[in-house]
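Read-outs: derived from the displayed coordinates by stated rules, not from any lab. Just so we're clear, the structure is a prediction, and the values are computed from it rather than from any experiment. Neighbour counts run over all protein chains shown; Cβ positions are idealised from the backbone, glycine included.
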Ligand SMILES: [Zn+2]
């Protein structure tokens with residue numbers, strides 16, 4: 001262990017010499033969450049899991065934070081707090097730094113509380129908050145010289161990664177559920193070397209196949225959990241800067257990455273001594289009832305979630321398939337922890353409640369000139385319906401400040417769809433053959449074996 005720490009220090013010396021003007025007083029590194037291992041990695045590599053013990057990693061910030069805000073308006077204004085070494089490697093496309101608007105007209109419905117909306121769906125290039133992680137992960141890829149990138153998602157995240165990678169000219173392989181094809185409008189940039197593969201299978205089978213595809217074909221799996229978490233820490237920084245007196249932070253969740261990252265951002269600020277722990281907003285997570293397993297588990301006091309707890313069969317016509325997370329099992333302990341620590345709440349709403357209150361919210365936004373597309377995604381409707389439900393149960397009071405992160409899709413008026421490069425069934429698909437076929441075929445095709 002001593003050997004590794006010395007190694008880290010010597011590497012860091014090189015790093016800070018190279019970028020002496022960048023983050024001179026603040027050191028950022030990746031640290032194993034297993035306290036018995038405690039292995040550390042600097043920013044020179046993208047590490048999925050600890051190479052020594054296989055545990056998850058987390059970013060640590062040590063030293064003095066200068067509180068310098070860069071002279072820019074996007075999320076990179078907080079460059080010092082983001083795990084990237086050199087500003088030349090930033091690919092932003094105008095992500096983050098989203099406006100926070102006050103929606104006085106819904107106050108009566110929420111017991112007189114003040115509702116604020118962070119408008120990620122309007123600000124971000126592919127119209128969802130997922131662009132935050134795409135910008136940070138693809139900037140890391142650029143800095144580390146990574147290419148031939150493999151990833152999976154229910155749509156929004158993968159679309160965002162593809163868009164940013166296409167701007168950098170990188171080759172990508174995106175796996176997503178066939179059931180989410182209706183979300184895949186041609187609003188994003190996609191070059192010939194940006195492959196999209198639809199998987200006609202259970203969502204939980206997509207991740208293992210994607211990893212196997214990367215391994216067998218010697219490609220790069222990207223987006224470690226701790227990098228994604230740090231991407232959503234930027235939401236906390238922007239809330240802290242724009243709305244410092246915030247009682248509640250609300251987000252619709254699939255697996256809870258957003259709130260986990262938001263809480264991590266506040267934890268970073270507390271450790272850097274610029275935020276009081278008692279001032280961290282209480283987290284409120286809203287789920288769609290059909291995929292509300294985390295809400296059920298938390299409210300029934302479960303310690304853990306296992307794969308067996310997930311429903312085996314989902315309806316072919318899910319109300320909101322985007323929220324059918326590929327990863328609730330892994331994230332549950334972290335989500336439980338941040339809900340406990342922030343004295344938070346998690347609940348779920350059914351389609352009837354969602355359409356009743358959610359569509360009212362869509363109309364309210366429309367009167368403000370803000371267009372959302374419920375036919376592409378209902379996450380924002382679910383979020384608002386959850387707030388109304390909690391308000392009716394006595395949750396909020398007059399004068400409370402509630403910040404909603406705008407989930408769902410905006411900034412998209414396209415009516416045409418991207419063609420997949422392949423449609424596969426993971427049970428019968430050979431990953432090496434798939435790679436060969438993708439590179440052979442010019443247009444879309446259906447894999448048969
Ligand atoms: Zn470890």
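For region 211-290, just say rounded, prolate or oblate: build the C-alpha gyration tensor, square-root its eigenvalues into a ≥ b ≥ c, call rounded for a/c under 1.5, and beyond that prolate if a/b exceeds b/c, oblate if not. Taking the square roots of the gyration eigenvalues as a ≥ b ≥ c, region 211-290 is oblate. Remark: relative contact order (region 166-272) = 23 percent; criterion is Cα-Cα distance under 8 angstrom and separation of 6 or more residues. Computed from the Cβ-Cβ distance with R0 of 41 Å, the FRET efficiency linking residue 44 to residue 108 stands at 0.15. Structural descriptor for the chain: relative contact order 18 percent, calculated from alpha carbon pairs under 8 angstrom and at least 6 residues apart. Under 10 Å, Cα contacts only: if you run a Gaussian network model on the chain, which one of 47, 270, 436 comes out with the highest mean-square fluctuation? Looking only at 47, 270, 436, the largest GNM fluctuation is found for 436.
Restricting attention to the chain, close to 30% of DSSP beta bridges with both partner residues there are antiparallel.
Distance from the alpha carbon centroid of region 253-308 to that of region 322-363 works out to 10 angstrom. Based on C-alpha pairs under 8 angstrom that are at least 6 apart in sequence, region 366-414 has a relative contact order of 58 percent.
A straight line joining the Cα centroids of region 166-232 and region 23-75 runs 25 Å. What residue among 253, 364, 387 has the largest mean-square fluctuation in a Gaussian network model of the chain, using Cα springs under 10 Å? Greatest mean-square fluctuation among the candidates belongs to 364. The stretch between residue 87 and residue 271, if pulled fully straight at 0.36 nm per residue, gains 63.8 nm over its current Cα-Cα span. Helical content of the chain, expressed as a calculated mean residue ellipticity at 222 nm, amounts to -11000 deg cm²/dmol (DSSP H runs of 4 or more residues, -39,500 (n - 2.57) each, divided by residue number, nearest 500). Between residue 397 and residue 330, the FRET efficiency estimated from the beta carbon spacing at R0 = 45 angstrom works out to 0.80. Within the listed set 57, 138, 365, the residue fluctuating most in the Gaussian network model of the chain (springs between alpha-carbon atoms under 10 angstrom) is 365. Fully extending the segment from residue 341 to residue 312, taken as 0.36 nm per residue of separation minus the present Cα-Cα distance, adds 7.3 nm. Once the gyration tensor of the Cα atoms in the chain is diagonalised, the equivalent ellipsoid follows with semi-axes of 31, 29, 21 Å, ordered largest first.
What full-extension length gain, to one decimal in nm, is calculated for residue 368 and residue 189 as 0.36 nm per residue of separation minus the Cα-Cα distance?
61.6 nm
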